[in-house]
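> The structure's right below; bear with me while I get my questions together.
Values quoted throughout were computed directly from the atomic coordinates according to the rules given, and no laboratory measurement underlies them. Just so we're clear, the structure is a prediction, and the values are computed from it rather than from any experiment. For neighbour counting, all protein chains shown are included, and Cβ atoms are generated from backbone atoms with ideal geometry for every residue, glycine included.
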Amino acid sequence: MPEKNPPSSNVFEVDRVRQLVELMNECDMAEVDLRQGDQRIHLRKKQDLVATAMAAPLAPVASAAAPAPAASPAAQPAAAAEAAPPANAAFITSPMVGTFYSSANPESPPFVKVGDQVGPETVVCIVEAMKVFNEIPADCSGKIVKVLVENGDAVEYGQKLFQVEK
Amino acid sequence: MAADLFADAIQPRLSTHWLGRDYRFLSLTDSTNSDAIAIAKDGAPHGAVVVADHQTDGRGRLTRSWHSPAGENLYFSVVLRPPWKPSDPRPVSLAAGVALAEALAPRLQTPLLLKWPNDVLVGGKKLAGILVEGSIQGGAVDYVIVGIGLNVNTAEFPPELATIAESLGRLCGQEVDRGEVLAAVLNSLEPWLETLAEQGPEPIVAAWTKHAASLGEPVRVTEHGREYAGVMQGVDPDGALVLVGDDGKPQRIMSGDMLAT
């Protein structure tokens, strides 16, 4: 979906999101990506509808099922300037604030490394807070292409931990 | 001999509604937390309990092992699967500490203290440890395992543990009935877990604070490779540790380690 300016000054209005979701359902669109200044709203459908709204900074788009791939290079000069993740990229994100551990203990090998194939149930890391150690499964299928955090790092809710090629 | 931990010895002593109603005893295992994770993945119900007489690979936090000889102590893990969001289980370690304090403190002459977030101390030595492990699937908690290692009747600890570990039997000056202690802990744990689920962390934090070790004392904490020194001011309503450093500013710690002072 090409960029366009919505008429409202605030793209994060709940009604606006609802309208967009209805529009996506009506037109059977897989993805909507709107930007306005440093704000962005990005809605993407998988099996179930997944809606993500992000504030600044504007990040490269991980789009799927773009309707007109042949026309896109000329139409999206901004995205081409950055090393944007490929169209089949996905991210495994942290479901909570805490400390990221790449392995079960310092003697163990990491749960996953670059090049590993993962499935939805594959445990990719542990995120710990207050000594509650949570195993995080990939929740998607694909190949790990980047590990975006280091063992022992603090992670935030929603922070990207791994890039996965679907 | 571990008949004192068999289901028919424990379950008649339980006043719980759901905790320990699915009760599995193992004479030998590597770790009850590993077993509990396995049965949780197989669909074990909320409140299922795995108890072992002897662990060969009892785990503490990430690196540390838990001394787990046969026939002496308690090693058990509880499966929880409440409808929680990913951050909701954070105060579970505190709730388990409160339950242990409530069940054990009346038996002791010496004060029992809780060290943030998951150790039970008497006289500065560790009486019990809590290890909580969970799994988050599709943005929600799939299961939470509360593992507890409680030194009951170890009379002599190995030299490397002698200065840091304590047991109920040593403190009471006599052998203690493991089964009776296990039932008391489970009977205390269920209402605290229900309080957490129904009312959130505030009442847990309030009860935990009554037993808090190092309150108002200088402590050192490491978090994400950084060390913080300060006076332990308390615990925030969400369970985070609060230190006040020399600059007078409160510092919240959510996933650190308190070091010995």
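> So, in the stretch B:38-57, exactly how many residues are out of contact with any strand residue (DSSP E or B) (no Cβ under 6 Å at 6 or more places or on another chain) and under 30 Å from B:LEU259 (Cα atoms)?
3
> Okay, moving on. Hey, any hits in the stretch B:133-145 for a residue that's farther than 28 Å from A:VAL155 by Cα, out of contact with any Ser or Thr (no Cβ under 8 Å at 6 or more places or on another chain) and either outside any loop (DSSP other than H, G, I, E, B) or among the charged types (D, E, K, R) (or both)? Talk me through it step by step, then tell me what you get.
First, the residues of the stretch B:133-145 that are farther than 28 Å from A:VAL155 by Cα: none.
Within the stretch B:133-145, not a single residue is farther than 28 Å from A:VAL155 by Cα, out of contact with any Ser or Thr (no Cβ under 8 Å at 6 or more places or on another chain) and either outside any loop (DSSP other than H, G, I, E, B) or among the charged types (D, E, K, R) (or both).
> Restricting to the stretch A:95-115, name every residue that is more than 20 Å from A:GLN159 (Cα to Cα) and either facing chain B (nearest Cβ under 7 Å) or surrounded by 22 or more Cβ atoms within 10 Å (Cβ to Cβ) (or both).
Hits for the stretch A:95-115 are A:ASN105, A:PRO106.
> Which one is nearest to B:PHE157 (Cα to Cα), of the residues in the stretch B:123-137 that are of a type outside the set (D, E, K, R) and facing chain A (nearest Cβ under 9 Å)?
This residue is B:ILE130.
> Can you name the residue in the stretch B:96-122 that is of a type in the set (Gly, Ala, Ser) and more than 11 Å from chain A (Cβ to nearest Cβ) and is also farthest from B:ALA40 (Cα to Cα) among such residues? Quick ask: steps written out before the conclusion?
Filtering the stretch B:96-122 for residues of a type in the set (Gly, Ala, Ser) gives B:96-97, B:99, B:101, B:103, B:105.
Adding the requirement that they be more than 11 Å from chain A (Cβ to nearest Cβ) leaves B:99, B:101, B:103, B:105.
Numbers: B:ALA99: 22, B:ALA101: 27, B:ALA103: 26, B:ALA105: 31 Å.
Out of the qualifying residues, it is B:ALA105.
> Go through the stretch A:117-135 and give me each residue that's surrounded by 15 or more Cβ atoms within 10 Å (Cβ to Cβ) and either touching a Ser or Thr at 6+ places or on another chain (Cβ under 7 Å) or more than 10 Å from chain B (Cβ to nearest Cβ) (or both).
Hits for the stretch A:117-135 are A:VAL118, A:THR122, A:VAL124, A:CYS125, A:VAL127, A:GLU128, A:ALA129, A:MET130, A:LYS131, A:VAL132, A:ASN134, A:GLU135.
> Any idea which residue in the stretch B:35-93 is surrounded by the most Cβ atoms within 10 Å (Cβ to Cβ), counting only those that are of a type in the set (Asp, Glu) and part of a loop (DSSP other than H, G, I, E, B)?
Per the stated criteria, the residue is B:ASP53.
> Would you check which residues across the stretch A:136-156 are in a loop (DSSP other than H, G, I, E, B) and at the interface with chain B (Cβ under 8 Å from one of its Cβ atoms) and list them?
Correct list: A:ASP139, A:GLY152, A:ASP153.
> Also: What residue, among those in the stretch A:115-166 that are small (Gly, Ala, Ser) and within 17 Å of B:ALA140 (Cβ to Cβ), is farthest from the chain's Cα centre (by Cα)?
A:ALA129
> Just one of (1) farther than 18 Å from B:PRO201 by Cβ; (2) in contact with a Phe, Trp or Tyr (Cβ under 8 Å, 6 or more places away or on another chain); (3) of a type in the set (A, V, I, L, M) trips up B:VAL235, so point out which.
Just one mismatch for B:VAL235, condition (1).
> Any idea which residue in the stretch B:171-209 is surrounded by the fewest Cβ atoms within 10 Å (Cβ to Cβ), counting only those that are in contact (Cβ under 8 Å) with a residue 40 or more places away in the chain and among the charged types (D, E, K, R)?
This residue is B:ASP177.
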